[in-house]
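Here it is: the structure, laid out below.
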Amino acid sequence: MADVLVLNGPNLGRLGRRQPEIYGATTHAELADHLVETGRGLGLVVEVRQTDAEHEMIGWLHEAADASIPVVINAGAWTHYSRAIGDAAAMVPAYVEVHISNVHAREQWRHVSVLSAGATGIIVGCGLGGYDLALAHLASLRQD
Ligand code: DQA
């Protein structure tokens, strides 16, 4: 059983090919491998998943809620309008909202988040390193 789930939403499976000037050249598979390693260094079993299907993301959040597993979530564009994702995340014991890009320096519609109010922490604009920061934060909460 994972200690932390990293859940990536729509279009993040295309990392490495999708607007590399914004999201970088690393693929999702490479990111996933890296985060499992980061987790190992922090003493955490990390599982990384990605979906383009909203119902699947909601199911994973329910799973995290039922098993009391903290989550790192980049909900992609759902962040900005999906109240269903926001409601599901609210059931999880702790979650860190991550955005690779600085959403506040981009279009106005990206400035709104259904996730931020309930988040344990929010990391934006730190590139893929934001996921590592989120894992380190969740690891530090376990030690408190
Ligand atoms: C994103 C920012 C969102 O606005 C966008 O829709 C994404 C990625 C980010 O990681 O910077 O898909 O969440």
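Pulled fully out, how much extra length does the chain show between Val36 and Ser68, if you take 0.36 nm times their separation in residues and subtract their Cα-Cα distance?
Working: separation 32, 0.36 × 32 = 11.52 nm, distance 1.93 nm.
So the chain would gain 9.6 nm between Val36 and Ser68.
Now, a different point. Multiply the residue gap between Thr27 and Val45 by 0.36 nm, knock off their C-alpha separation, and tell me the result in nm, one decimal place. Spell out each step's value before the answer.
Working: separation 18, 0.36 × 18 = 6.48 nm, distance 2.08 nm.
4.4 nm is the gain from fully extending Thr27 to Val45.
Add +1 for every Lys or Arg and -1 for every Asp or Glu among the other residues with Cβ under 12 Å from the Cβ of Met1, and state the total. Could you put the intermediate results ahead of the total?
Working: positive: none; negative: Asp3, Glu47, Glu63, Asp66.
That works out to -4.
What is the distance in Å between the Cα centroid of the stretch 61-75 and that of the stretch 1-58?
Here the two parts' Cα centres lie 14 Å apart.
Expressed as a rounded percentage, what relative contact order does the stretch 1-54 have, with Cα pairs under 8 Å and six or more residues apart?
52 percent
Let me check against my output: what whole-number percent is the relative contact order of the stretch 1-123, with C-alpha pairs under 8 Å and at least 6 apart? Write down the numbers at each step before the final one.
Numbers: 209 pairs, mean separation 33.8, N = 123.
Computed over the stretch 1-123, the figure is 27 percent.
So, one more: If each residue of separation counts as 0.36 nm, what is the full-extension length gain between Glu107 and Ala77 once their alpha-carbon separation is subtracted? Don't skip to the answer; put the middle values down first.
On the way: separation 30, 0.36 × 30 = 10.80 nm, distance 1.19 nm.
The Glu107-Ala77 span can extend by a further 9.6 nm.
State, to one decimal in nm², a quarter of the convex hull surface area for the C-alpha atoms of the stretch 1-114, i.e. the direction-averaged projected area.
Values: hull surface 27.5 nm².
It is 6.9 nm².
No lab work stands behind these numbers, since they all come straight from the coordinates. These numbers were taken from a predicted model, which means no experiment stands behind them. Every residue, glycine as well, gets a Cβ built from its backbone with ideal geometry; the counts of neighbours run over all protein chains shown.
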